[in-house]
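The values are calculated or read from the model by the stated rules, or taken from the named source; none is laboratory data. Bear in mind the structure is a predicted one, so any value in this text is a computation, not a measurement. We place every Cβ from the backbone using ideal geometry, glycine too, and count neighbours over all the protein chains shown. Note: accessible area is taken over every heavy atom of the protein model, side chains too, but ligands, DNA and RNA are not part of it. Shrake-Rupley method; radii C 1.70, N 1.55, O 1.52, S 1.80 Å.
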Amino acid sequence: MNPRITRLWQESFAARPSVSTERAQIMTEFYRVNEGKHSAPVMRALAFRTLCERKTIYIGPDELIVGERGPFPKATPTYPELTCHSVEDLRILGSRAKTSYAVDADAIRVYEEDIIPYWSGRSMRDRIFDRMDAEWKTCYEAGIFTEFMEQRAPGHTSLDDKIYRLGCLDLKRQIANSLTKLDFLHDPLATDKREELVGMDIACDAVILFAERHAEMALTMATKEADPQRRCELEHIAEVCSWVPAHAPRGFWEALQMYWFVHLGVITELNGWDSFNPGRLDQHLYPFYVQEVEAGRLTREQAKELLQCFWIKFNNQPAPPKIGVTAAESGTFNDFTNINIGGLQRDGSDAVNEVSYMLLEVVDEMHLLQPGSNIQLSRLSPDRFLESASQVIRKGYGYPSIFNADVVVAEMVRVGKTIEDARQGGTSGCVETGCFGKEAYILTGYFNLPKALELTLHNGLDPRSGRQIGLETGDSRSFTSYEQLYSAFERQLQHLIEIKIRGNQYIERMYATLMPALFLSVLIDDCIVKGMDYNAGGARYNTNYIQGVGIATITDSLAAIKMHVYDERELSLEELVRSLDSNFQQNESLRLLLANRSPHYGNDNDYADAIMQRVFLSFFSAIEGRPNTKGGEYHIDMLPTTCHIYFGSITGALPDGRKAGLPLAEGISPVQGADRHGPTAVCKSAGKMDHLRTGGTLLNQKFMPQALATEKGIRNFGQLVRTYFGMGGHHIQFNVVDAKTLRNAQEHPADYRDLIVRVAGYSDYFCDLGRELQDEIISRTAHEGF
């Protein structure tokens, strides 16, 4: 890093995230004056324009890419129209030991006197919990499932290349064209479409205005700047901000700034499930890079410096603070941006280029929490590309993660997307698959698979709360065969999934009618053509995902029951359930038998792996293809973020020997410490899952640093990845760190402040993680070699 980047890096790393009330105050004042005066789309668009007109503009020393979501770096706005934090929430955010936000007394006063009185009962969160039925609330409170939209808007998506070809003025012309084609005589939705399109037009103007304010500030700063070099930079920043996003970018610098203004627009308008990102960044930037390098206007070093400035902008945007269950399932500053590198081009050829390698260099050198990164590895990707990524992975940052580009494309084609759209798509957030710039792919929440088994073993009763939550599927003492037990589990699973989806459908329509996302809709095909919002089915593809959690835990639990109760008949199911209810008190020998003498997923054991395949198919069948309210379908993902910790905390002892309250298995990874035959056996077990039937699976592996210390180790590592992908695996990621280092970091966090580890689908600072999550990461099997 050069001196400029070093200074920016140090400032970003050192800055403490804080809560800014500016956005909440502007929104509250706007709504108080304008409530009821406009349709929902126009209301939201005018509110967005007001934000772009009034929010504080910041241009910091040394910056080349400009713009912040808050009034200064790491000042995090809140979204009271979605979640109105209480005073208690704010005090907890400011005082908690991990991932705390600075919250000053003035912020609490503003919330107490202004924000809460207006938004209490009006926020989406309040409306959702007011309108969900008792059955849904009971399951939610018991930890059967979570619901993302109870405090975050839909919007989990990535962009394609349109913003590098079209400016906002071009998009306004498309909107105007759609307005002229409205048929008020024959289309009963024409009036609704008009309101939507008018709102989109206002949103485009808002972002142009936002950029122009930066241009004006940069010029003002230039007139006062004594340093000639910085004065020239400020003048050029003004020129860039005067051109984009109104017009399509003409060069590399403008392309990066174009995206950044668009990014800020989307995440300022609504907190759309975090993880908004530029998608195939190397593909988007490559034409600008080649053109300017060949013309002599840009050097590789200059391009890299701009990318490093771009990286720092992401790191300056902590995730908006969450509360309740959502904070428990995702306690992190990470905003889940995940930049795709490599993959395939539209015609199916290899997409790796010079910018791909440059991005890997930036990932390595910046060593920041954000943005996340991944490589899309296809059969056509050169070995040099995988080796370059492996050189970064062995540093122990936990990124980039690795995706099977061929499987990612096949997953999308399976559910009806064109192969050309699929090839231009990829993954975002943790591991989720989508057609970039063309799809609303909405994560609706996590589902606790082991909890469904726990309810089945107790005839639908939750032993933790004593409440009847599930179906009465029969007294477990009456199950004379494993098939009877499994049939009861499937009925229970189906029942709980239906409760989850019923709630999803209602919430989805609430967002479609009450909380449209006008600027995001402008950016996604085919919202302008349809005159429909991103939240209401305007996108070309509309997909909902439910994420299954704890597949290894339930697999090992069922394997233990099948072997010891029904195959070997070493104990009765009644005896086993009684021991689970006592958390194995005074029966440690039984717990050890279950934990150590049962088949375990992750060891290439067909007995256990066949059960995994069956549970996976049951979960898939309960969800796959169900219609959502936007003309699309429900599908499944297999990932937890950190919800395996939360779900574990509300799940009792299980038949795999796990004690009550301990974490569930993470992703599709084996139960912590249960994989005893090396990384290849793990991959063979995971490869038996039908990944093509998902929109994403998450496999974590941990290696000792010495395993990748040599070039031979790097080659073996690459062969492991290629082999797993040859089995149809979707994704794999790695922690390269030893347990001793992690334990030292637990005891002496000040000495390891910049230690980054892979958590689930994202990386985080180890010292920012809660103790339970730290212990869970330490407990994962660390492989010494291949």
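Taking a ≥ b ≥ c as the square roots of the eigenvalues of the alpha carbon gyration tensor, the range 567-704 is prolate, as a/c is not under 1.5 and a/b beats b/c. Over all other residues within a Cβ to Cβ distance under 10 Å of ARG231, the charged ones net out to -2, with Lys and Arg as +1 and Asp and Glu as -1. Counted over all Cα-Cα pairs of the range 379-529, pairs farther apart than 21 Å make up 67 percent. Of the solvent-accessible surface of the range 601-684, computed with a 1.4 Å probe and all protein chains present, 53% belongs to carbon and sulfur.
Compute the FRET efficiency between LEU169 and TYR566 as 1/(1 + (r/R0)^6), taking r as their Cβ-Cβ distance and R0 = 45 Å, and round to the nearest 0.05. About 0.05, to the nearest 0.05.
What shape does the range 699-738 take by its C-alpha gyration tensor, where a ≥ b ≥ c are the square roots of the eigenvalues and a/c under 1.5 counts as rounded, a/b above b/c as prolate, and the rest as oblate? Verdict is oblate for the range 699-738. For the range 286-315, the set of chymotrypsin sites (Phe, Trp or Tyr not before Pro) satisfying both a DSSP loop assignment and a count of at most 12 other C-beta atoms within 10 Å is empty. At full extension, ASN744 and ARG16 could sit 259.7 nm farther apart than now, given 0.36 nm per residue minus the alpha carbon distance. In the range 132-232, Cα pairs under 8 Å separated by at least six residues give a relative contact order of 17 percent. With viscosity 1.567 mPa s and temperature 4 °C, the Kirkwood radius over alpha carbon pairs of the range 627-702 converts through Stokes-Einstein to a diffusion coefficient of 91 µm²/s.
For LYS630, the aspartates and glutamates whose Cα comes closer than 15 Å to its Cα, not counting residues fewer than 8 places off in the same chain, are GLU439, GLU508, ASP525, ASP526, ASP533.
What the phi angles of the range 490-501 give under the Karplus curve with 6.51, -1.76 and 1.60, with θ = phi - 60°, is a coupling list of 5, 5, 5, 4, 4, 4, 5, 4, 5, 5, 4, 5 Hz, glycine and proline written as x.
The range 1-52 and the range 541-577 have Cα centres lying 46 Å from one another. Legend: calculated FRET efficiency, GLN586 to ARG414, from the Cβ-Cβ distance at R0 = 45 Å, rounded to 0.05, equals 0.35. With the alpha-carbon atoms of the range 446-602 aligned to their principal axes, the span from lowest to highest coordinate is 65, 34, 27 Å, starting with the largest. For the range 320-469, carbon and sulfur atoms together expose 47% of the accessible surface, with a 1.4 angstrom probe and every protein chain in place.
Counting 0.36 nm for each residue step from THR220 to PHE72 and taking away their Cα separation leaves a gain of 51.5 nm. Computed over the chain, relative contact order equals 14 percent, with contacts defined as Cα pairs under 8 Å that lie 6+ residues apart.
If R0 is taken as 25 Å, the Cβ-Cβ distance between GLU212 and ASN34 corresponds to a FRET efficiency of 0.60. Amide H contacts for LYS702 (H built 1.01 Å from N in the peptide plane; partners 5 or more residues away or on another chain; cut-off under 5 Å): ASN735, HIS783.
Entry comment: accessible area of the chain is 33 Å² per residue, from protein heavy atoms only and a probe of 1.4 Å. In plain terms, the chain from THR180 to GLU574 could stretch by 134.8 nm, reckoned as 0.36 nm per residue minus the Cα-Cα distance.
Based on every Cα atom in the range 129-235, Rg and the maximum pairwise Cα distance Dmax equal 23.0, 67 Å. Annotation for the range 163-229: trypsin sites (Lys or Arg not before Pro) lying in DSSP loop with at most 13 further Cβ atoms inside 10 Å of their Cβ are LYS181. Nearest 5 is fine: what % of DSSP beta bridges in the chain come out antiparallel, could you say? The antiparallel fraction comes to roughly 25 percent.
Each pair of Cα atoms in the range 705-786 enters the Kirkwood radius, and Stokes-Einstein at 25 °C and 0.890 mPa s then converts it into a translational diffusion coefficient of 175 µm²/s. Once both labels are positioned 7 Å from their Cα atoms along Cα-to-Cβ, the gap between ARG379 and LEU189 label points is 4.0 nm.
Note on ARG131 and HIS247: the model spin-label points, each 7 Å out from Cα along the C-beta direction, lie 4.5 nm apart. In this view, the solvent-accessible surface of TRP9, computed with a 1.4 Å probe and all protein chains in place, comes to about 40 Å². Recomputing semi-axes √(5λ) of the Cα gyration tensor in Å from the coordinates shown identifies the correct label among [x] 42, 31, 25; [y] 42, 36, 25; [z] 54, 30, 24 as [x]. Please work out whether the range 311-429 counts as rounded, prolate or oblate from its C-alpha gyration tensor, where a ≥ b ≥ c are the square roots of the eigenvalues and a/c under 1.5 means rounded, while otherwise a/b larger than b/c means prolate and anything else oblate? Taking the square roots of the gyration eigenvalues as a ≥ b ≥ c, the range 311-429 is oblate.
Which distance in Å, rounded to a whole number, links the C-alpha centroids of the range 53-100 and the range 622-650? Answer, in whole Å: 29.
Computed over protein heavy atoms with a 1.4 angstrom probe, the accessible surface ordering of ASP170, ASP347, ASP656, largest first, is ASP347, ASP170, ASP656.
Remark: spin-label model distance THR6-MET704 equals 3.6 nm, labels positioned 7 Å along the Cα→Cβ axis. Within the range 364-407, whose backbone N sits under 12 Å from a point 7 Å along Cα→Cβ of ARG722? Backbone N within reach: 378-387.
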